[in-house]
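Asks: The structure under discussion is supplied below as structure tokens; questions concerning it will follow.
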Amino acid sequence: MQVRESFTISEIAQALGAEAVGDVDFSIAAASEPATAGPDDLALALDEQHAQKLGDGRAQAAMVWQGADWQALGLKAAIIVTRPRYAMSGLTALMDRGPQIAPGIHPSAVIDPSAQIGPGAAIGPLVVIGPDARIGARARIASHVSVGAEAELAEDVLLYSGVRIGARVRIGARFIGQPGAVVGSDGFSFVTPEKSSVEQARDSLGTEVERTVQSWMRIHSLGTVEIGDDVELGANSTIDRGTIRATRIGRGCKIDNLVQIGHNVEIGEDCLLCGLVGVAGSVRIGNRVVLAGQCGVSDNIFIGDDVVAGGGTKIYSNAPAGRVLLGSPAVKMETEIEIRKALRRLPRMRKQLAQLQKTVSEQTQKD
Amino acid sequence: MQVRESFTISEIAQALGAEAVGDVDFSIAAASEPATAGPDDLALALDEQHAQKLGDGRAQAAMVWQGADWQALGLKAAIIVTRPRYAMSGLTALMDRGPQIAPGIHPSAVIDPSAQIGPGAAIGPLVVIGPDARIGARARIASHVSVGAEAELAEDVLLYSGVRIGARVRIGARFIGQPGAVVGSDGFSFVTPEKSSVEQARDSLGTEVERTVQSWMRIHSLGTVEIGDDVELGANSTIDRGTIRATRIGRGCKIDNLVQIGHNVEIGEDCLLCGLVGVAGSVRIGNRVVLAGQCGVSDNIFIGDDVVAGGGTKIYSNAPAGRVLLGSPAVKMETEIEIRKALRRLPRMRKQLAQLQKTVSEQTQKD
Amino acid sequence: MQVRESFTISEIAQALGAEAVGDVDFSIAAASEPATAGPDDLALALDEQHAQKLGDGRAQAAMVWQGADWQALGLKAAIIVTRPRYAMSGLTALMDRGPQIAPGIHPSAVIDPSAQIGPGAAIGPLVVIGPDARIGARARIASHVSVGAEAELAEDVLLYSGVRIGARVRIGARFIGQPGAVVGSDGFSFVTPEKSSVEQARDSLGTEVERTVQSWMRIHSLGTVEIGDDVELGANSTIDRGTIRATRIGRGCKIDNLVQIGHNVEIGEDCLLCGLVGVAGSVRIGNRVVLAGQCGVSDNIFIGDDVVAGGGTKIYSNAPAGRVLLGSPAVKMETEIEIRKALRRLPRMRKQLAQLQKTVSEQTQKD
């Protein structure tokens, strides 16, 4: 999408499939919040509450909700949208100037002669691309990125500064890697010669742990990582390679900052993993799963399609499709809410129980 | 502050506003723990317990608490401090040699000709500074740092290796960025054409989720990040840019390692965010708020001034000023402590209740 | 270990100390899962379940469990192992091609003339090594790594892209640093001139917090980090330097991705810290301690030898040796399991208690 300096109201409306009203040739330089909008800005007055702030700014045009009386709001022009949050997607895509990476390969980049760089790629300063790596057409690769040997990136990827793509990793089209994201670190997989305390604790639910002095032997990661199209990976997030097979992230998944995805994990399509989520090794996750911030998933379990887990939920066992989860350990959200209510009343319950014991005891004695 | 090879007892005491006693011209090379101190070290014997270890080392001088009998401790000289932890701040500042970045610009750095570099800046090897970026006076920028186009950094900033400053970000004076810290990654903001399962789960508290197959559309981040003076950002921590307005971090905030700050977040002054804290999008946080390690804050809520949250606290709803929080979900610390006590007794309560039911049932039958 | 293109069944068995059966001269190119194995692959059929998938692939040789009827499985050759997971360690070590870093020092690396580089080291593009740093023999250092002034790395270390080793840090032999790992960031240690709200909240368990406006003063980190032999540090994990003494990680510790280790922490030998674990400042941890994903440890406490903590456990107070922990706050795993059972029944208990109160009240009135 070509990024421009300004847009008319009618151009923006057309791009969003929305209705333009008033002076549709009015020219817009930027999007703003109503209270701080300048005279050339498109104010985002997407509900009554935000519209009330229009008077504090100087906007002459706004994006408004369906049913808004845009003329009464003192506007010269407006764009009327039915699903405001969705319209924001189109509007911000239109106006995003993107990272400014000069076309071509910066002279300071270190590109192995055997690497293949697609047409139209923009590769920034001090990028390192390893032997036999393949970079798709129109890639935008910011400074200090490293791409390992034999890695394959499809067309239109965007890698911000300091992204690390490991050897042999395969990544789909339109991938966005935020600064410092790591794809293809080694899996965290260790074993002791004899049964370890962890294995014992798991087997006995913590009742029996024999202490033996032994060191951890490394299980090396021979596998790789395969990422589908249209995936985004957040800043400083990490995806480990598989042991034998690949760790897999399906098409359309969006992963936030500081997320850890363990070795051998398989994630379906269109999942959303928020900040600081941890997914342990060999977990399988279905499609359209949403894990809110700081969720954790224990190793080797299965999360069904369309599972939604609230912030901080810790999932220790398989979750069936469609389940909405909350809490640690994760239970159905409605159960957790009931438990929490009961918990707040627990100190009172304790007093009531004690009182009741006393009453009954007195009664028994009386009898 | 000029860093030197040695200091006399009286120089140190003067810098701390503390009292020097004994041979105040005694010369000190380094600070040490009492048990491992050499004859030229200043032992940190800040309480009785640490003072007892003086005999294990060879210190002739120590920093001691008010009321300590420094002569009985066998010392030649001492510095007497009233608030020991606070004195540590002055002492360590005095002795910190800091990162050794050679003055000037390293020849391997890639500085855009349009960037402005302030006087006295030290810019290390392989640093990349983008078009129209402005770096303040006396900046110290270690190797492999990238500063995006039009970013503005005030005077006396210190950026350790691999820090990523995104385009258009604005940062105040004396900012310290630990290795790998990211300022200005894109916000994690996605929307589906129709209402998503997350929106449904929120609206119905998890009872109704209709599954529809739809992909996530990106809401691009047109905003930036604005950081006040005297802020420190920990290693590999990440701060996302805002959608339309800026994400804002107020003067004097200190942020630990691996902390995630979402898009549009506004944090007041003098806050302390410890390791692995996650703050979701559009949260507003007041002044002097302290979030201990691994706390989480749900999106779009408000945390009042002076709130203190203990380790691992998950805050799902607004918190009034001055509240001390603990638990998941966060409640008043004293309530949580009461709940935890009751919880430990819960298995016993269950037995008591069952016993009581039996007693009452027998009694009822008897009647 | 020399990495080769192919191995015979008998060579592999010999390396693992395992038994080879059938055509032991059969040549193997790679290890695979049974269902996807090609005719030259060694299928990993380490239990009945995996062995059933052999028919889906084309493997002629497999690694099997003791007692497996390899001939009935249609195999030409097999390697019989007694502890399959342990055998995986040897097998993957044998087959790991490792990162391909060309021997010698890449011309784009910036090595201070005073740094000492051991024989046989391979140093990749755009690496920066500071003054007086010492790099041991046969080090493999990938692109974009930085090693600070006076840092010392023993022999055979492997640093992946973007690892940050701070000044004066000391690291043992065979250390592996995954991409973006940071050793030697500054500790997170701040103090206010007067008692802060945090100190007050701790002292009063949250009941009394006086609000005073004061800014945080930095306690600088004069200490360093010392890491024993055979330690691995995960991608984007961070280890802070100590205030006065060193932060210490013992021999054989394995640390996963996105783990935070605070200043002054001392960790014993052979510990395992999984993804997103946070260890606050001045914690002491014994030997062979295992902290599963997202565990947290409060500052200044002690964790005894052989402690095992399940995922998401938050440890707020000292833990005796051998304890198996779960929950937040951490309790014995068996206690937590009992509490969780009781919690799920809590809403029902509440109803039973209410019913009982009614019964007793009616009875009392009747009497």
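Asks: Suppose we compare each residue of the range A:279-300 in its chain alone and in the full protein complex with a 1.4 Å probe; which ones drop by at least 20 Å² of accessible area?
Replies: Buried by 20 Å² or more upon assembly, which counts only protein chains, are A:288, A:290, A:294.
Asks: At 222 nm, what value in deg cm²/dmol follows for chain A if DSSP H runs of at least 4 each add -39500 (n - 2.57) and the sum is divided by all its residues, to the nearest 500?
Replies: -5000 deg cm²/dmol
Asks: Summarise the accessible area of the protein assembly as shown (1.4 Å probe, protein heavy atoms) by the percent that is carbon and sulfur.
Replies: Heavy-atom surface of the protein assembly as shown belonging to carbon and sulfur, 1.4 Å probe: 47 percent.
Asks: Continuing with this model, one more query. Hey, rough spin-label estimate for residue A:72 and residue C:212, points 7 angstrom out along Cα→Cβ, what's it come to in nanometres?
Replies: Output for this residue pair reads 5.4 nm.
Asks: Also, I was wondering about something else. Give a residue-ordered list of calculated ³J(HN,Hα) values for the range A:220-234 (Karplus: 6.51 cos²θ - 1.76 cosθ + 1.60, θ = phi - 60°; whole Hz; x for Gly, Pro).
Replies: For the range A:220-234, the Karplus curve yields 6, 9, 8, x, 9, 10, 10, 10, x, 6, 6, 9, 10, 10, x Hz.
Asks: With unit charges on the beta carbon (Lys/Arg positive, Asp/Glu negative), name the residue among B:201, B:315, B:159 whose Cα is farthest towards the positive pole of the charge dipole of chain B.
Replies: The residue sitting most towards the positive pole is B:201.
Asks: Of B:244, B:68, C:35, which is farthest towards the positive pole of the protein assembly as shown's charge dipole, taken about the Cα centre with +1 and -1 on the beta-carbons of Lys, Arg and Asp, Glu respectively?
Replies: B:68
Asks: Sort out for me the Cα centre separation of the range C:286-354 from the range A:299-367, rounded to whole Å.
Replies: 17 Å
Asks: Consider a paramagnetic label point 7 Å from the Cα of residue C:82 along Cα→Cβ; state which residues of the range C:17-34 have an amide N under 20 Å from it.
Replies: C:17-22
Asks: Quote the charge dipole size of the range B:28-106 about the Cα centre in Debye, to the nearest 20; the model charges only the Cβ of Lys and Arg (+1) and of Asp and Glu (-1).
Replies: Here the size comes out at about 160 debye.
Asks: Give the long-range amide H neighbours of residue A:324: residues separated by 5 or more places, or on another chain, with amide H under 5 Å away, using H modelled in the peptide plane at 1.01 Å from N.
Replies: Amide H neighbours of residue A:324, under 5 Å, 5+ apart: A:308, A:333.
Asks: Let me ask you something else. Roughly speaking, what is the centre-to-centre gap between the range A:129-189 and the range B:84-109 when only Cα atoms are used, to the nearest Å?
Replies: Each part reduced to its Cα centre gives a spacing of 35 Å.
Asks: How large is ³J(HN,Hα), in whole Hz, for each residue of the range A:7-14 in order, when computed from phi with the Karplus curve 6.51 cos²θ - 1.76 cosθ + 1.60 and θ = phi - 60°, using x for Gly and Pro?
Replies: 9, 7, 3, 6, 5, 5, 4, 4
Asks: Follow-up question, since we're still on this one. Using r as the Cβ-Cβ distance of residue B:364 and residue B:344, and R0 as 41 Å, what FRET efficiency do you calculate, to the nearest 0.05?
Replies: Taking R0 as 41 Å, the efficiency between residue B:364 and residue B:344 is 0.80.
Asks: With θ taken as phi - 60° and the coefficients 6.51, -1.76 and 1.60, list the Karplus ³J(HN,Hα) couplings across the range C:95-104 in order, rounded to whole Hz; mark glycine and proline as x.
Replies: Result, rounded to whole Hz: 9, 5, 7, x, x, 9, 10, 4, x, x.
Asks: Can you sort A:23, A:306, C:203 by 1.4 Å-probe accessible area, starting with the largest?
Replies: C:203, A:23, A:306
Asks: Identify all lysines with a Cα-Cα distance to residue A:76 below 26 Å; exclude those on the same chain that are fewer than 8 residues away in sequence.
Replies: Leaving aside lysines fewer than 8 places away in the same chain, those within reach of residue A:76 are A:53.
Asks: Restrict the search to the range B:94-190; then list the chymotrypsin sites (Phe, Trp or Tyr not before Pro) that DSSP places in a loop and that have at most 16 other Cβ atoms within 10 Å of their Cβ.
Replies: none
Asks: Using a Gaussian network model of chain B with C-alpha springs under 10 Å, which one of B:71, B:357, B:100 is most mobile by mean-square fluctuation?
Replies: Of the options given, B:357 has the highest mean-square fluctuation.
Asks: If you take the accessible area of A alone plus B alone and subtract the pair, what total do you get in square angstrom, rounded to 100, with a 1.4 Å probe?
Replies: Adding both sides of the contact gives about 6100 Å².
Asks: Give me the one-decimal nm value for the distance between modelled label points at residue B:351 and residue B:194, 7 Å along each residue's Cα-to-Cβ direction.
Replies: Distance between the two pseudo-spin positions: 5.4 nm.
Asks: Going by amide H atoms built from the backbone, whose H comes under 5 Å of the H on residue A:188, apart from near neighbours?
Replies: Residues meeting the amide H criterion: A:263.
Asks: Students often get this wrong: which residues of the range C:89-128 have the backbone nitrogen under 18 Å from the point 7 angstrom along Cα-to-C-beta of residue C:30?
Replies: Of the residues in the range C:89-128, C:91-100 have backbone N under 18 Å from the label point off residue C:30.
Asks: Could I ask something else about it? Hey, can you grab everything whose amide H is under 5 Å from the amide H of residue A:134? Only 5+ residues off in sequence or another chain; H modelled, so Pro and N-termini drop out.
Replies: The answer is A:116, A:151, A:152, A:153.
Asks: Turning to a different aspect of this structure: For chain A, with the dipole built from +1 on Lys and Arg beta-carbon atoms and -1 on Asp and Glu ones, taken about the Cα centre, which of A:325, A:59, A:10 lies farthest toward the positive end?
Replies: A:325
Asks: Treating only the Cβ of Lys, Arg, Asp and Glu as charged (+1, +1, -1, -1), what charge dipole size does the protein assembly as shown show about its Cα centre? Round to the nearest 20 debye.
Replies: Dipole about the Cα centre, nearest 20: 2900 debye.
Asks: Using a simple charge model, +1 on the beta-carbon of Lys and Arg, -1 on the beta-carbon of Asp and Glu, nothing else, what dipole does chain B show about its Cα centre, in debye to the nearest 20?
Replies: 1320 debye
Asks: Where is the GNM fluctuation largest for chain C (alpha-carbon springs, 10 angstrom cutoff): C:151, C:109, C:68?
Replies: Sorting by GNM fluctuation, first place goes to C:68.
The values are calculated or read from the model by the stated rules, or taken from the named source; none is laboratory data. Not measured: the values here are computed from a predicted model. No Cβ is skipped: glycine too gets one built from the backbone with ideal geometry, and neighbour counts run over all protein chains shown. For the accessible areas, the whole protein counts, side chains as well, though only heavy atoms, and no ligand, DNA or RNA atoms are used. Shrake-Rupley method; radii C 1.70, N 1.55, O 1.52, S 1.80 Å.
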